[in-house]
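Written below as structure tokens is the structure these notes are about.
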Amino acid sequence: QVQLVESGGGLVQAGGSLRLSCAASGIAFRFATMNWHRQAPGKQRERIASITSDGRFNYADSVKGRFAISRDNTKNTVYLQMNSLKPEDTAVYYCEAFVGGSLGWGQGTQVTVSS
């Protein structure tokens, strides 16, 4: 059974930093592309960062230069380091495992950035 558990969200002031974690189980993690998505109130869910099994990554323009995705295959965990946070980064953040198709999503972690 696929299980993805996000953690690390919280309330932070604008300009601050947070690091999100997503621990995976029930999948061959090292073969999976791992994605971070977010959904702000009243908006569609958007993919903001991805990292492939061989470590290639890409970012949405909205977070490029501020967020960094990484993975630790020994811990079956993907991270999202978020710096220079803005109020518009406020959203629920989800991780997703992808191998030829989506394997599943986490329950999400709330990030709130105050101005």
Would you be able to say whether some residue in region 74-95 is touching a strand residue (DSSP E or B) at 6+ places or on another chain (Cβ under 8 Å), within 21 Å of GLN3 (Cβ to Cβ) and small (Gly, Ala, Ser)?
-> no
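Listed here are the residues, each with its yes/no results for (1) at pLDDT below 95; (2) open to solvent by less than 20 Å² (accessible area, probe 1.4 Å); (3) part of a loop (DSSP other than H, G, I, E, B).
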{"residue": "ASP61", "(1), (2), (3)": "no, no, yes"}
{"residue": "LYS64", "(1), (2), (3)": "no, no, yes"}
{"residue": "THR74", "(1), (2), (3)": "no, no, yes"}
{"residue": "TYR79", "(1), (2), (3)": "no, no, no"}
{"residue": "LEU85", "(1), (2), (3)": "no, yes, yes"}
Subset of region 1-54 (residues that are without any contact (Cβ under 8 Å) to a residue 40 or more places away in the chain, closer than 14 Å to ASN76 by Cα and buried (at least 21 other Cβ atoms within 10 Å of the Cβ)) | ILE51
Please find, within region 87-99, the residue that is most open to solvent (accessible area, probe 1.4 Å) out of those that are outside any strand (DSSP E or B) and closer than 15 Å to LEU20 by Cβ.
-> THR90
Unmet criterion (only one of (1) under 14 Å from SER50 (Cα atoms); (2) touching a residue at least 12 places away in the same chain (Cβ under 8 Å); (3) open to solvent by 20 Å² or more (accessible area, probe 1.4 Å)) for SER102 | (2)
Hey, among PHE57, PHE29, which residue is within 13 Å of PHE98 (Cβ to Cβ) and among the aromatic types (Phe, Trp, Tyr)?
-> PHE29
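The values are calculated or read from the model by the stated rules, or taken from the named source; none is laboratory data. Quick caveat, the model's predicted, so the values are computed rather than measured. Every residue, glycine as well, gets a Cβ built from its backbone with ideal geometry; the counts of neighbours run over all protein chains shown. For the accessible areas, the whole protein counts, side chains as well, though only heavy atoms, and no ligand, DNA or RNA atoms are used. Shrake-Rupley method; radii C 1.70, N 1.55, O 1.52, S 1.80 Å.
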